[in-house]
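Here's the structure we're looking at; comments come further down.
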Amino acid sequence: MPAITDLACRLRQLREGAGLTQLALGRALGVSVPLISSWEKATPPPERRLELYARLFAVDGDDRQMIDPAAMTPEQRRGYDELKAELLTLRREPSTARQPDHPLRFGHGQHITVVCAKPVGYENGVPRHPEFRADHNDAHSFADLDALIALLPLIGALNPTAAVTVGTADELTQADLTDHVIALGCVDRNGVIASLINRLGVPVRQLTRDATDPGGFLLKEPDGSRRECLSHVERDGDQILLKSDVAHFLRAPNPMNPRRTLTLFSGNYSRGTYGIVCALTDPKMKQHNAGRVARHLQAGSFYSVVSRIRVVANEVLVPDWTHAADREHEWTGTAA
C-alpha cells in the first residue's frame, strides 16, 4: 500500500483541503500548473518551495496570502513551523515516511465494545407499540446513528479478527466494559462517559446543556487557567440552528481494565459527535488526522483533542487537525 503521508499526497491534500485548483495554487506560488501537477505525483519540489507551501497553508481563510513568518500571530507561527517541519521531513526521508498507525487499530483478536447514548425521550426504553413489535429494530435505541454508521466499517477494516459488541450502557455487562471501549455521544446521554471520564483526570470537562444554554466544554490550559469553549447556535422561533459544535476525542487506558483502552468521541450535539468521528473515518482526512496524532500526541498513554466542528446547512465540515483553527485544545499525559 503506498504511504498516504508521502510528500506528493500531502501536497495534494493541502491544496484540495483549501479548495484551490492547481491553477490558483500555481499563481500563489509563482509556478506553472504542470509543475504543481508533477509535485503532486512524484517529483519533490525544492525545499524553498516547501517553505512557501508552509507560509501559504499556515493561514486559514478563503483569501489565502503569503505572510512573512515574522508577521504571523503566535498561532499562525506554530502552524507554519509544524507544517514546514513535516514537509521537509517527508522530502528528506521518503523511505521512512510510512502511513501512520490509526488510533482505532486495536490488534489481533481483540474484543471491542461500542457504547452508544440513548436518544432524547428514550431514557426509559424504546417505545414498542404492539402493532410494530415484529418490525422492531434494536438500533432505534441508539443515538448518534450517523456517527455509528461511519465508525463501524472502519473498525471492521482495521480489526478484521475483532469481536465487536454494540449497545447502550444499560444493555452491556461489566465484562463488556473491561474490553477496548469506544464511547459515543454527549455526557448527558451516555452514562458510561460520565462515569469513566471522571476517573481519568483529563483537563477537559463537558458542560451540561439545557433549553437556554447551548453547552460546550470547560478546558484547563497548561498554565492552570480555565476557559469555556461553547457550541454556537442560533434560534429561529422554536427551531435551534447549529452553526458550530465542539467535540472531544480522547484515548486513555480503560479505568476498568488498564490493559485495554477507552476511546471517546463526544460532541455537545449529535452533529459534533459525527464530526469528531469523521475526523478519523473520513476517506480524505482519516490518515491525515491520524498522522498528526501519531506525530504530536501518541507519546503519552493519554491524549486528547477538543475540536471545533463547523456545520453548514446541517452538513458537517470534517475538521483538519493540522489547522490550528480546528483544534481548540490538545493534551497528552501519562497514566500514574
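Results, tabulated for the structure shown:
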| read-out | value |
| --- | --- |
| Using alpha-carbon coordinates, inclination of helix 145-158 to the longest axis of the chain, degrees | 70 degrees |
| Arg199-Thr334 FRET efficiency (beta carbon distance; Förster radius 22 Å; 0.05 resolution) | 0.90 |
| CD proxy at 222 nm, helix term only [per DSSP H run n ≥ 4: -39500 (n - 2.57); per residue of the chain; nearest 500] | -9000 deg cm²/dmol |
| Amide H contacts under 5 Å for Val166, placed H, 5+ residues apart | Val114 |
| Net lengthening on full extension, Asn137/Thr212 (0.36 nm per residue, minus Cα-Cα) | 23.7 nm |
| Per-peptide average of other Cβ atoms within 10 Å, ordering 221-228, 46-53 highest first | 46-53, 221-228 |
| Stokes-Einstein D (µm²/s) once Rh is taken as the Kirkwood radius of region 7-96 over alpha-carbon pairs, at 20 °C in 1.002 mPa s | 162 µm²/s |
| Packing-based exposure ordering (other Cβ within 10 Å, fewest first) of Val202, Val166 | Val202, Val166 |
| Nonlocal amide H pairs with Phe302, under 5 Å, H built at 1.01 Å | Gly333, Thr334, Ala335 |
| Cα long-axis angle, helix 270-281 against the chain (0 to 90 degrees, to the nearest 10) | 50 degrees |
| Globularity ratio of the chain, using Cα Rg and 2.2 N^0.38 Å | 1.06 |
| Contour excess over end-to-end distance, with Cα ends at Leu317 and Leu145 and 0.36 nm allotted per residue | 60.2 nm |
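Where a number appears in this text, it was derived from the coordinates with a stated rule and is not lab data. Computed from a prediction, not measured in an experiment: that's the story for all the values here. All Cβ positions, even for glycine, are placed from backbone atoms using ideal geometry, and neighbour counts span all protein chains on display.
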